[in-house]
Amino acid sequence: MKKRKLIILAITIIAAALLLEGFILKYVNDKNSDRTSKVLLDRVITVLDKNDKSEEALIKSLKDDYIVRAKAVSYIIDAKPEVEYDVDELQKIAALISVDEIHLFDTKGYIYSGSVPKYFGYSFDSGEQMAYFKPMLKDKKLTMCQDVTPNTSEAKEMMYAITWNEAGNKMIQVGIEPKRLLNEAKQNEVSNVVADMPVYKGMEILVADADTKIVAGATDSSKIGQEIDSIDMRKYRCVEKQNGAYIVAVMVEDSYYLQGSLLAILIVGIYLTLASCCMVYMLSKVMKEKYEKEKFRYTSNTDELTRCYNRRAYEEDINKLDLTKEWVYVSMDINGLKNANDSFGHAAGDELIRAAADCMKNTVSVNMVKVYRMGGDEFVIIITKDIPQFENLLRAFEQRVESWHGEFVESMAVSYGYVFSSERKWNSIFDISKASDERMYESKKQYYTRSGMDRSRQ
């Protein structure tokens with residue numbers, strides 16, 4: 001009888017201990033999962049907020065650019081009065097400066113000419129969108145640019161910029177349809193942000209438009225384009241938060257909380273319960289620290305604009321090079337960057353810098369080459385493998401540059417100089433970099449001589 005009771009007591013104690021172990025494991029895993037979910041949620045929101053600020057800066061840059069284009073049209077019309085009423089010529093001017101519409105207003109705010117005849121007769125009193133420009137009638141020194149707004153005639157999403165001409169007897173307005181480009185840029189940004197977020201197995205991140213409920217970014221790309229409400233979340237535990245224009249959700253599968261198997265629990269039993277809890281806690285802590293270290297190393301050594309290595313990474317790597325081994329040092333610089341910035345805005349300059357970096361990275365293998373952005377439009381490339389293929393790499397790179405066409409800038413030109421470590425006996429790596437820079441500047445000089453461009457303005 002006593003033996004029977006002892007057996008029952010032993011079984012009861014073991015069962016209670018196993019249940020306690022299960023509860024402890026679940027509690028620890030739930031806490032870790034909730035904490036991880038909230039960290040991921042906050043991280044996504046932080047990046048989205050940063051993107052929104054970047055978008056605001058882009059819109060401001062676009063407004064400045066569009067006002068410049070309106071002034072350019074005003075200058076052309078003042079210089080060639082015969083085009084003032086010539087619709088065909090005004091349409092050609094619109095295409096030349098990359099705007100969709102040109103409108104000429106009289107001193108009372110009526111459209112009397114332009115590239116779109118169907119708008120003739122409209123005035124600042126024709127609707128809310130056009131009424132935005134009424135302050136122009138009171139101040140002839142004023143220039144204005146409107147946010148993306150549906151126009152009065154067709155409710156088409158447009159941005160309009162307006163200025164008085166030099167004589168003050170007419171107003172010149174240009175209209176551009178940028179919303180599609182802005183939306184695409186934002187969508188791509190959201191999609192890339194979410195795709196790059198690190199997640200544990202059994203976790204997913206969703207970012208959906210707050211108005212349409214359409215998923216714009218997801219760690220599972222198959223869910224992009226779906227309505228967030230239509231996604232089956234029955235097997236998930238979800239943490240959700242609306243942030244401005246987006247709904248951000250972190251989902252964790254229920255199976256994520258099941259640690260180990262019944263067999264493992266039976267084998268380990270009561271003696272390893274505490275050890276299991278400690279191991280889970282330590283593992284999660286180690287993984288978190290490892291991730292933070294990897295993230296810090298990546299961000300601290302990566303240029304934000306181009307995703308190339310930055311100057312900090314260059315300073316770390318350059319001292320590791322062996323002067324007795326064969327490698328190539330390449331200095332590279334973009335031609336005409338200042339002109340692009342002055343003519344088309346800094347968005348055009350950034351486009352050129354990103355394009356040059358992409359041409360370099362897409363030409364070479366990551367294992368054999370490192371591309372560094374030293375600052376501005378200056379790049380350094382270190383090639384340590386497959387040196388005999390260097391000439392082929394140069395030709396491939398030049399072909400990519402020649403065939404490139406951008407959104408803001410039609411073409412791109414670069415100058416480069418390179419030095420082989422085996423050319424002669426060098427005193428230091430600094431001497432190699434100096435020689436490479438000198439050859440690059442000679443290449444740049446030849447470029448400007450051939451093109452007839454004023455280098456001081458480039």
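The values are calculated or read from the model by the stated rules, or taken from the named source; none is laboratory data. What you see is a predicted model, and the numbers here were worked out from it, not measured in a lab. Note that we place each Cβ from the backbone using ideal geometry, even for glycine, and neighbour counts take in every protein chain shown.
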A careful count of residues in region 197-236 that are out of contact with any Lys or Arg (no Cβ under 7 Å at 6 or more places or on another chain) and in a helix (DSSP H, G or I) gives 4
Does any residue of region 403-424 turn out to be closer than 30 Å to Leu62 by Cα and in a helix (DSSP H, G or I)?
yes
Leading residue by the ranking (nearest to the chain's Cα centre (by Cα)) among those in region 131-152 that are over 19 Å from Arg69 (Cβ atoms) and outside any loop (DSSP other than H, G, I, E, B):
Pro150
Return a yes/no flag: does region 356-377 have any residue that is in a strand (DSSP E or B), under 22 Å from Tyr314 (Cα atoms) and within 17 Å of the chain's Cα centre (by Cα).
yes
For Tyr448, all conditions in the list (1) surrounded by 12 or more Cβ atoms within 10 Å (Cβ to Cβ); (2) of a type in the set (Phe, Trp, Tyr); (3) under 23 Å from Asp303 (Cα atoms) hold save one; what is the number of the exception?
(3)
Please work out if Met412 is surrounded by 15 or more Cβ atoms within 10 Å (Cβ to Cβ), of a type in the set (A, V, I, L, M), under 19 Å from Ala348 (Cβ atoms) and within 26 Å of the chain's Cα centre (by Cα).
yes
Name the pairs whose Cβ atoms lie under 6 Å apart, with the first residue in region 217-229 and assigned by TED's automatic domain parsing to the domain that holds Ser191 and within 16 Å of Glu240 (Cα to Cα), the second of a type in the set (Lys, Arg) and assigned to a loop (DSSP other than H, G, I, E, B), and 6 or more positions between them or separate chains?
Glu227/Lys213; Ile228/Lys213; Asp229/Lys213
Residues of region 415-435 being over 30 Å from the mean Cα position of the chain (by Cα) and within 15 Å of Leu394 (Cα to Cα), in sequence order, are Tyr418, Val419, Phe420
Taking the conditions exactly as written (in contact with a Ser or Thr (Cβ under 6 Å, 6 or more places away or on another chain), under 23 Å from Arg312 (Cβ atoms), small (Gly, Ala, Ser) and in the same structural domain as Ser421 (by TED's automatic domain parsing)), does Ala347 satisfy them or not?
no
Asp342, sole failed condition from (1) over 20 Å from the mean Cα position of the chain (by Cα); (2) within 25 Å of Asp65 (Cα to Cα); (3) surrounded by 16 or more Cβ atoms within 10 Å (Cβ to Cβ):
(3)
Failed item in (1) hydrophobic (A, V, I, L, M, F, W, C); (2) touching a Lys or Arg at 6+ places or on another chain (Cβ under 9 Å); (3) not in a helix (DSSP H, G or I), with Ile334 passing the rest:
(2)
Just to be sure before I move on: is Ser113 in contact (Cβ under 8 Å) with a residue 12 or more places away in the chain and part of a strand (DSSP E or B) in the structure I sent?
yes
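Residues are listed down the side, and each one gets a yes or a no for (1) of a type in the set (A, V, I, L, M, F, W, C); (2) in contact with a Leu (Cβ under 7 Å, 6 or more places away or on another chain); (3) over 23 Å from Ile429 (Cβ atoms):
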{"residue": "Asp317", "(1), (2), (3)": "no, no, no"}
{"residue": "Leu321", "(1), (2), (3)": "yes, no, no"}
{"residue": "Thr324", "(1), (2), (3)": "no, no, no"}
{"residue": "Lys338", "(1), (2), (3)": "no, no, yes"}
{"residue": "Gly349", "(1), (2), (3)": "no, yes, yes"}
{"residue": "Asp386", "(1), (2), (3)": "no, no, no"}
What number of residues within region 67-110 satisfy the criterion of being in a loop (DSSP other than H, G, I, E, B), within 27 Å of Gly345 (Cβ to Cβ) and not aliphatic (A, V, I, L, M)?
3
